Structures are given as structure tokens and as C-alpha cells.
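As C-alpha cells, the structure follows; a few thoughts come after it.
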Number of protein chains: 2
Amino acid sequence: MTWQDSYIAVDWGTTNRRAWRVEADGEIANSFADDLGLLAVPEGGFPAAAAAIRQRLGDHPMLLAGMVGSNRGWREAPYVPCPAGADALAAAIAWIEPGYTGIVPGVCQTGEAGADVMRGEEVQVLGAVALGLAPPDALICHPGTHAKWIRLHDGQIARFHTMMTGEVFNLLKTHSILAPQLTSQVLPDKGFLAGVAAAFAGQNILSGLFGIRARYLLGEGSHEPASFASGLLIGSDVRAALASDTARSREVVLIGRPDLCALYEAALAAHDVSSRRIDGNDAVLAGIRLITEML
Amino acid sequence: MTWQDSYIAVDWGTTNRRAWRVEADGEIANSFADDLGLLAVPEGGFPAAAAAIRQRLGDHPMLLAGMVGSNRGWREAPYVPCPAGADALAAAIAWIEPGYTGIVPGVCQTGEAGADVMRGEEVQVLGAVALGLAPPDALICHPGTHAKWIRLHDGQIARFHTMMTGEVFNLLKTHSILAPQLTSQVLPDKGFLAGVAAAFAGQNILSGLFGIRARYLLGEGSHEPASFASGLLIGSDVRAALASDTARSREVVLIGRPDLCALYEAALAAHDVSSRRIDGNDAVLAGIRLITEML
């Protein structure tokens, strides 16, 4: 069994996982997705869970990426410092069984650019370049609970920073005084764009958010509050990311959930920055393939 | 019984209340503070609660300020639009019993300056001017769950805006991924000032907050995380408030909890803006006295 024959690729996150059997020619022979994320695996249950994956997809070498390599996962795969490419990731794989079951490490940043970490996104980003879907010097955005903005240079992860955009929105929606006003689905609608415009005009988040409460109390409900709040947060996120991008990109590559990509796309378009979307599954598969080619 | 003789002043908030009997000469004859805020008053229980206040402090005319005048309080006292002074507040008192029991209204702002509301702070602010402790054209900051920045012009509340600074900090401390790192008491220490400095340097809140998580994971714990997070939020708050203050104040009057005032004081000092503190109780009493003089 070698990585040049069939192998299994797994993207194992906190709440979900996806697994594929990839043939020698790169074709997907079989795959599944379920909600057996880290949180659903009992103490000491990872060997059995991995064996169950092989029962479904066949007895092949297996590479796992994502939070499975965190201190809450199967085994901690220490972060590789950026700048980092596929070769550095391949060299730092945490092997459960050498050549047979390995965990791809995350990437970290220290020093002047600011402390930051990622785990899972690095595989997607490098995969997007390998697919030719992202240029080797792209600015990539991975929206989510903790949105990542990743600057590629010569096909390597040069620097990145993480925004708590999704988590702050969820906190507001679930636990804040605004919760009763933030019940609707967020869409890239007029309210969202008004929030984005306010953020780009320099509106402070802490102040802009209270405006939602004030307009509600005063009966001034012109915008859909959930969309406006999301627009304010994502607008602030996008504005800061573009401002700190020294290469002044006018195009951003988006990888992630389609509904979130649509929101970032709208926010970027409002700032005359074009964007293209890449499917997350395609990117993971290409990234893991790239790493197997270095084994 | 007239307002020129003894009267009772009540500052009745959501979770606490304070009540004073004020003599004709302005001296405090008796007072108490307890935790019978709005949330502790049963449906229809306000008349009995007010009667109990009179049993303790005497049968005198009574003015109530704060959230007791909100739609979750005793009776809604509609907001007075700014610019607003004590005369406008006095004219808009919601009388439970005319001349005997009245609720001071809050103040609202609409139009270009942005929708905003306050309820309780207006009495303190006007009281601070009446005491001669705040100049009639002061920039006043009232830190808290929803921090208020109030611009006075000719002794009137000219405009203001509210920041969700305290609430966002509490959400992060209680419910976010940062919660395990935000357990310490916040002090105006080195970590706090580092957060303030980051905010003044333009660090985005959403990004700066994740840095706390990243430094923790990477073992780069140079600053106390709770102080840093608070400094980042308060720094962002102060920076936005100073930037939007068209009068470019170099002095801010702080009214509120001493521990919060100390934090804002430190953040302002780091930006070369001086501040002075006014005791909230003194300000409430002076504000209510000012209003009684117009009855």
C-alpha cells in the first residue's frame, strides 16, 4: 500500500466530518459525511472511529485534517509556522502509524504579524492553488465562526489573521439584549448592505449594534435587524482585512459555506472587490492529494 | 405638600434601586439602596412597592428616574427628543398621581446623528452640570453595560451615542470560546493598556479578540487576557467617541461605577485626554432636585 495507490482523505472537525476514498487517478470511489465530529467521539475512541472509516471505505493509507489534530482531538499535531507550504505540512504530519495513518498539522503565526492559528483551512487553501482555482499570490477568505483571511505568496501561506465575526454574531443572536430582534435569516439584502456601508464608513461595531436596539424602541425599523447586524460585523471584518492587506488585492477567493460566501461576496462587491468561490470539498481533496504526493 | 418641602428621589433600575428623602434645604434626611430592581417587582406590584418606599422615607412627593419609566417598568414615560434640558424633562414627566408621584422620561435621538435612547443617565448628566461639576458644554461618559457618551451644549443634552461595550465584554466572558481565558478581574494594568493601544492603533475588535485565543494556544501569554480584552473594547469605544466628537474635547467627565471609571480614565489618559469623576449618587440627586425646581 502506498500513497500512489488508493488512499483515504478525512476532514474531521469539531462537529462534523467528511471522508473520501481517492483512487490512484484522483477519482473519488466512495465517500460519506456525518456528524461524528470530535465532540461525538468518546475518550479513547479515535482508533475505533478510524477503523470504522476503513471498514466503510477500505483498508488504505489515511490522512486526516482539521481539529482532529488539536489538543481536543485524536493526537495534537503541533502547528507549522508560516510561511508554510504543502512540503512543510507533509514533513510535520503527526503519524499515528507511520505511512498508514497520519494527521496533517495546522499552521501558526507569531511575531509582528500577530499571533494566530489555523487548523483545517491550510489544506483547503493549498488545495485551491493546486487546483489552479486560486492564484499562487491570492488573498483568500474562509468565512465562518472564526473567519480566516489568508495571504498566499508564491503558493505558500505567507500570513493570515482570524476574525471572531461568526462567533460574535452568534453571541449577539443567542445571548444579548438584541436577541429578540435577530431572529430572521441573514440574507445579502438591503439591510445587510446598509450594515456593510455603515462599517465601511467607519461606524464602530459597539455603537452600531446598539443602534439596532434604539431603532426598535423608537419604532424606526427600516432595515431587517439580523441582516443589518451581520452586515455591520462582516463589513467591519472585510474592511479591516482589505486595509491590512499590503498587496491591496482587488480580488478575493472565497472558500466555505455557500450562504456565508454569498454574504462576503456582497460585502466585497460593495467595496468594488471581485470574488470567486471555491467548493470546500474540492479544496480539501486537492490539498490532501498535494500532501500525499510529497510522502 | 409641595416640591419645595421634602420630597423623595428614586433611581430605579433593572436590578437595583436607590431612594433618598431630601429636605427643603437639599440635605439628605434618610436613604436606602437595595436590589428590588424592575426584575424583582411582580406584575402590578409597583403601587405597593412605591407605598413601601413612602413607609420607609415618609409621605412626600416622589420623583422616579431610570428604567422604571420603560415599557418593562411601572409606566412608560415616552422619550423626550434631544436637544433636551431639565425643563423638557420636567414638562414630560409621566404622572402616576399628578404632583405626587411622577416618572422622569428618558431622552431619545433620531435623524442624522443616529437613533439612540437613554433612560436614567439624563438625570445624572443634568445634575452634574447643576452641581457645577461638569461644564455646560462638557463631553460626558457614563460607562457600563451600555456605555453612553453625551455631548452637552449650553447645559442641554445635544447629542449622544451608546456603545455595547460592557455587554459585549460580558458575552465574551460568559459564553465565548475566550471564556476560559477571561476569568480574572479587569484592572487598568499593562494588559489593559496594551489592549487600548491596539485599539487606538486601529486594531479591529473581531481580529484582536481572536489573538487572545491564539496566544493562549501558542503559549504566548504576555498579557493578562481579561484586561487585554477589556482594553481592546474600551479602547475602541473611547477612540470612536473621541473621533465622533466634533468639539474635539480634551477633557471628559466620567459618571458611573468607580471600577469602570478607572478603566476609562486610563484609556483616556493613554490618549492624552484628561478626565474627572463625578459620583453617580450626587449627580442623580442634583438632577432630580433641578427637575423639582421646575415643578
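The values are calculated or read from the model by the stated rules, or taken from the named source; none is laboratory data. Just so it is clear, the model here is predicted, and its values are computed rather than measured. Note that we place each Cβ from the backbone using ideal geometry, even for glycine, and neighbour counts take in every protein chain shown.
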Lone unmet requirement of (1) buried (at least 17 other Cβ atoms within 10 Å of the Cβ); (2) part of a loop (DSSP other than H, G, I, E, B); (3) among the β-branched types (Val, Ile, Thr) for A:THR246: (1)
Residue satisfying all of: in segment B:21-47; within 19 Å of the chain's Cα centre (by Cα) and not in a loop (DSSP other than H, G, I, E, B); surrounded by the most Cβ atoms within 10 Å (Cβ to Cβ) among these: B:LEU38
Complete set of residues in segment B:131-169 that are of a type in the set (S, T, N, Q) and out of contact with any strand residue (DSSP E or B) (no Cβ under 9 Å at 6 or more places or on another chain): B:THR145
Sole residue being in contact with a Cys (Cβ under 7 Å, 6 or more places away or on another chain) and more than 25 Å from A:HIS175 (Cα to Cα), chosen from A:ARG277, A:ARG289, A:ARG248: A:ARG277
Residue check, B:SER227 hydroxyl-bearing (Ser, Thr, Tyr) and part of a helix (DSSP H, G or I): yes
Which numbered condition B:VAL253 misses (of (1) touching a helix residue (DSSP H, G or I) at 6+ places or on another chain (Cβ under 9 Å); (2) under 18 Å from A:GLY111 (Cα atoms)): (2)
Verdict on B:ALA262 being in a helix (DSSP H, G or I), aliphatic (A, V, I, L, M) and surrounded by fewer than 20 Cβ atoms within 10 Å (Cβ to Cβ): yes
Residues being under 28 Å from A:ILE205 (Cα atoms), in a loop (DSSP other than H, G, I, E, B) and not small (Gly, Ala, Ser) - total across segment B:90-117: 2
Residue in segment A:120-132 that is away from chain B (no Cβ under 14 Å), of a type outside the set (Asp, Glu) and free of Cβ contacts under 8 Å to residues at least 40 places away in the same chain present: yes
Boolean, B:ASP87 is among the acidic types (Asp, Glu), part of a helix (DSSP H, G or I) and farther than 25 Å from A:LEU206 by Cα: yes
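Conditions tested, residue by residue: (1) in contact with a Ser or Thr (Cβ under 7 Å, 6 or more places away or on another chain); (2) modelled with pLDDT of 95 or more; (3) closer than 22 Å to B:LEU217 by Cα; (4) not polar (S, T, N, Q).
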{"residue": "A:MET1", "(1), (2), (3), (4)": "no, no, no, yes"}
{"residue": "A:ALA19", "(1), (2), (3), (4)": "yes, yes, no, yes"}
{"residue": "A:GLU23", "(1), (2), (3), (4)": "yes, yes, no, yes"}
{"residue": "A:SER31", "(1), (2), (3), (4)": "no, yes, no, no"}
{"residue": "A:LEU39", "(1), (2), (3), (4)": "yes, no, yes, yes"}
{"residue": "A:ALA48", "(1), (2), (3), (4)": "no, yes, no, yes"}
{"residue": "A:MET67", "(1), (2), (3), (4)": "yes, yes, yes, yes"}
{"residue": "A:GLY73", "(1), (2), (3), (4)": "no, yes, yes, yes"}
{"residue": "A:TYR79", "(1), (2), (3), (4)": "no, yes, yes, yes"}
Selection status of B:ARG289, more than 20 Å from B:GLY166 (Cα to Cα) and either in contact (Cβ under 8 Å) with a residue 40 or more places away in the chain or under 12 Å from the mean Cα position of the chain (by Cα) (or both): yes
Yes/no for B:GLU167 being under 21 Å from the mean Cα position of the chain (by Cα) and among the charged types (D, E, K, R): yes
Pair list, Cβ < 8 Å and 6+ apart or interchain, from segment B:31-43 residues that are within 18 Å of B:LEU285 (Cα to Cα) to residues that are small (Gly, Ala, Ser): B:SER31/B:ALA19; B:PHE32/B:ALA19; B:ALA33/B:ALA19
A:ARG276, sole failed condition from (1) crowded, with 20+ Cβ neighbours inside 10 Å; (2) in contact (Cβ under 8 Å) with a residue 60 or more places away in the chain: (1)
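Quick grid of which residues meet (1) modelled with pLDDT of 95 or more; (2) at the interface with chain B (Cβ under 9 Å from one of its Cβ atoms); (3) over 23 Å from B:ARG159 (Cβ atoms):
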residue	(1), (2), (3)
A:GLN185	yes, no, yes
A:ALA194	yes, no, no
A:GLU220	no, yes, no
A:PHE228	yes, no, no
A:LEU233	yes, yes, yes
Residue in segment A:106-117 that is over 19 Å from the mean Cα position of the chain (by Cα) and either buried (at least 23 other Cβ atoms within 10 Å of the Cβ) or more than 13 Å from chain B (Cβ to nearest Cβ) (or both) present: no
Hits in segment B:210-243 (condition: touching a Cys at 6+ places or on another chain (Cβ under 9 Å), small (Gly, Ala, Ser) and buried (at least 24 other Cβ atoms within 10 Å of the Cβ)): B:ALA241
Residue check, A:GLY99 within 22 Å of A:ARG289 (Cβ to Cβ), touching a Lys or Arg at 6+ places or on another chain (Cβ under 9 Å) and loosely packed, with under 13 Cβ neighbours inside 10 Å: no
In segment A:1-20, the residues that are of a type in the set (A, V, I, L, M, F, W, C) and surrounded by 12 or more Cβ atoms within 10 Å (Cβ to Cβ): A:TRP3, A:ILE8, A:ALA9, A:VAL10, A:TRP12, A:ALA19, A:TRP20
Tally of residues being in contact (Cβ under 8 Å) with a residue 40 or more places away in the chain, away from chain B (no Cβ under 12 Å) and assigned to a loop (DSSP other than H, G, I, E, B) across segment A:154-183: 3
Subset of segment B:196-218 (residues that are closer than 27 Å to A:SER70 by Cα and either in a loop (DSSP other than H, G, I, E, B) or facing chain A (nearest Cβ under 7 Å) (or both)): B:ASN204, B:ILE205, B:LEU206, B:SER207, B:LEU209, B:PHE210, B:GLY211, B:ALA214, B:ARG215, B:LEU217, B:LEU218
Segment B:141-153, residues that are surrounded by fewer than 23 Cβ atoms within 10 Å (Cβ to Cβ) and either within 8 Å of chain A (Cβ to nearest Cβ) or within 21 Å of A:LYS173 (Cα to Cα) (or both): B:GLY144, B:THR145, B:HIS146
